[in-house]
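Just so you know, all these numbers are worked out from the coordinates, no wet-lab data involved. In this text the structure is predicted, and so the values were computed from the model without any measurement. As a convention, Cβ positions derive from the backbone with ideal geometry for all residues, glycine included, and neighbour counts pool all protein chains shown.
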Amino acid sequence: MRKMMLAVGFLSMTSGAFAEAPGGPDCGWGNMLFAGESGLPIHLLATITNGTSGNNTFGMTSGTNGCSANGVLTYGGSSLVNLTPIMDEFSEDVARGHGDALTTVAVALEVKQEDRARFNQVMHDNFNQLFPSENVTAEQVMKSVIDVMKTDTRLSKYAA
């Protein structure tokens, strides 16, 4: 499941990418310095402040700086694969059996170089299962990718 989320995340974008820092909504000096402010430039500055000083990482491990690692991480973005050009590129790569979008998913799923040709072939052979309709979502495609990998003896180790 983690690998599936990684792959979807790798092909994703979020409108709230800087809305909540890892460690919680109040984590790090950047959040402290810019408390009460909003907007993308402020969120970027807070993220840069937290990232360059490493204070949110320290805060998560020590329980200081308003940070905690006790919460559940969430993701509220929308998948880029659902955007027509990206979905088209990925589906075309699967139909051809090779391409950058297909390689990106293989890398995100940690498929080793020596198994990538097999991955490409298996995805190609199962195109209709991966893309059963033109309304399929990125999440459905990635679930199908994992399901197909589980049925292949060489690829099943990557789908665990």
Nearby aspartates and glutamates by direct alpha-carbon distance to LYS157 (threshold 16 angstrom, same-chain neighbours under 8 apart not counted): GLU110, GLU114, ASP115, ASP147
Candidates per GluC sites (Glu not before Pro) in segment 87-160, loop by DSSP, up to 12 other Cβ within 10 Å: GLU110, GLU134
Point-to-point label distance, ASP88-ARG116, nm (Cα→Cβ direction, 7 Å offset): 2.5
Estimated distance in nm for a label pair at SER156 and GLU37, the labels positioned 7 Å out from Cα along Cα-to-Cβ: 5.4
